[in-house]
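Right, one structure below, let's go through it.
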Amino acid sequence: MPVTTDFLGNKIQIRSNYGMVDGKEVIKSKTYSNLKETAVDDDIYAVAQALAGLQTPTMEEVIKIESTLLIPGV
């Protein structure tokens, strides 16, 4: 049975390092939704760097989250 896909959306998650608190490293994340389906990874990363530059904590990593609906064939 072939499966088709339907694009639902893209998101990026920026994880930032807030330093040590009570001997533990504090990492927090912020998610931004509604990225264009055609957005190129290099451009997404550049935007994440620009957003991180507006924040006090240090950016640790950028995660791209792609959502796709899998539709079973009949």
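Key figures
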read-out	value
Positions within segment 60-74 being in a strand (DSSP E or B) and either touching a Pro at 6+ places or on another chain (Cβ under 9 Å) or over 19 Å from residue 26 (Cβ atoms) (or both), in sequence order	64, 65, 66, 67, 68, 69, 70, 71, 72
Per-region count, segment 34-59, residues assigned to a helix (DSSP H, G or I) and surrounded by 13 or more Cβ atoms within 10 Å (Cβ to Cβ)	6
Pairs where the first residue, in segment 29-52, is within 13 Å of residue 63 (Cβ to Cβ) and the second is in a loop (DSSP other than H, G, I, E, B), C-beta under 9 Å, 6+ apart	30/55
Among the candidates 31, 5, residue that is of a type in the set (Ser, Thr, Tyr), assigned to a strand (DSSP E or B) and modelled with pLDDT of 95 or more	31
Lone unmet requirement of (1) of a type outside the set (D, E, K, R); (2) in contact with a Gly (Cβ under 7 Å, 6 or more places away or on another chain); (3) surrounded by 10 or more Cβ atoms within 10 Å (Cβ to Cβ) for residue 2	(3)
Pair list, Cβ under 7 Å, 6 or more apart: segment 6-23 residue touching a residue at least 24 places away in the same chain (Cβ under 8 Å), other residue surrounded by fewer than 10 Cβ atoms within 10 Å (Cβ to Cβ)	6/69; 7/37; 8/69; 9/34; 10/37
Condition broken by residue 9, with the remaining ones in (1) over 18 Å from residue 60 (Cα atoms); (2) in contact with a Pro (Cβ under 8 Å, 6 or more places away or on another chain) satisfied	(2)
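The values are calculated or read from the model by the stated rules, or taken from the named source; none is laboratory data. Since this is a predicted model, take the numbers as computed values, not measurements. Methodologically, a virtual Cβ is constructed for each residue, glycine included, from the backbone with ideal geometry; neighbour enumeration extends over all protein chains shown.
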